[in-house]
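A.B. asks: Structure provided below as structure tokens; questions to follow.
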Amino acid sequence: MKNMGKMLKQAQQMQKEMMSMQDSISKKEFETSVGGGMVKVIMTGDQHLKSVKISPDVAGDTEMIEDMILTAVNKVLEEIKEATASQMSKLTGGMNIPGLF
């Protein structure tokens, strides 16, 4: 029974650390650019798009702009995913715990 209490306490501590990590990542801004800086995207860690900047150099080429926006958004989402997985790995000691991420 003593071990169960210790495990429960460790699980509660890990839960607190996970919540803190998730809060930290959600407040962080992730920025990426594509096309040599022609399109720049800023997104928060909780995946809210904050800004899309388009260089005047690509004005008029709608298809290219659309492709670059899609690429930039997907790239920044991947960066958020990698940052979350990295932080989670630090928290779990590298163990892959199903359902956590």
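The values are calculated or read from the model by the stated rules, or taken from the named source; none is laboratory data. The shown structure was predicted, so the numbers you read here are calculated from the model rather than taken from an experiment. Heads up, the Cβs are rebuilt from the backbone with ideal geometry, glycines too, and the neighbour counts pull from every protein chain shown.
A.B. asks: Give the residue, chosen from 53, 81, 90, 40, that is at pLDDT below 85 and either within 21 Å of residue 26 (Cα to Cα) or part of a strand (DSSP E or B) (or both). Spell out how you get there, then give the answer.
C.D. replies: Numbers: 53 fails: at pLDDT below 85; 81 fails: at pLDDT below 85; 40 fails: at pLDDT below 85.
Step by step, each of 53, 81, 90, 40 is checked, and only 90 is at pLDDT below 85 and either within 21 Å of residue 26 (Cα to Cα) or part of a strand (DSSP E or B) (or both).
A.B. asks: Scan region 29-55 for residues that are under 12 Å from the mean Cα position of the chain (by Cα) and free of Cβ contacts under 8 Å to residues at least 12 places away in the same chain and jot them down.
C.D. replies: 48
A.B. asks: Out of 79, 66, report the one residue that is out of contact with any strand residue (DSSP E or B) (no Cβ under 8 Å at 6 or more places or on another chain) and charged (D, E, K, R).
C.D. replies: Details: 79 fails: out of contact with any strand residue (DSSP E or B) (no Cβ under 8 Å at 6 or more places or on another chain).
Within the list 79, 66, the selection yields 66.
A.B. asks: Of the conditions (1) among the small types (Gly, Ala, Ser); (2) closer than 25 Å to residue 59 by Cα; (3) free of Cβ contacts under 8 Å to residues at least 24 places away in the same chain, residue 26 satisfies every one except a single condition; which number is it?
C.D. replies: Going through (1) among the small types (Gly, Ala, Ser); (2) closer than 25 Å to residue 59 by Cα; (3) free of Cβ contacts under 8 Å to residues at least 24 places away in the same chain one by one, residue 26 breaks only (2).
A.B. asks: Still on this structure, I have one more. Sort out which residues of region 13-71 are surrounded by 13 or more Cβ atoms within 10 Å (Cβ to Cβ), of a type in the set (Gly, Ala, Ser) and within 16 Å of residue 87 (Cα to Cα), and write them in order of number.
C.D. replies: 26, 45
A.B. asks: Based on what the data block shows, is residue 66 of a type in the set (Asp, Glu) and either over 13 Å from the mean Cα position of the chain (by Cα) or assigned to a loop (DSSP other than H, G, I, E, B) (or both)? Step through it out loud before you land on a result.
C.D. replies: Details: of a type in the set (Asp, Glu): yes; either over 13 Å from the mean Cα position of the chain (by Cα) or assigned to a loop (DSSP other than H, G, I, E, B) (or both): yes.
Yes: the conditions hold for residue 66.
A.B. asks: Ok, one more. Restricting to region 5-35, what's the tally of residues that are out of contact with any helix residue (DSSP H, G or I) (no Cβ under 9 Å at 6 or more places or on another chain) and of a type outside the set (A, V, I, L, M)?
C.D. replies: Residues that pass the stated criteria total 13.
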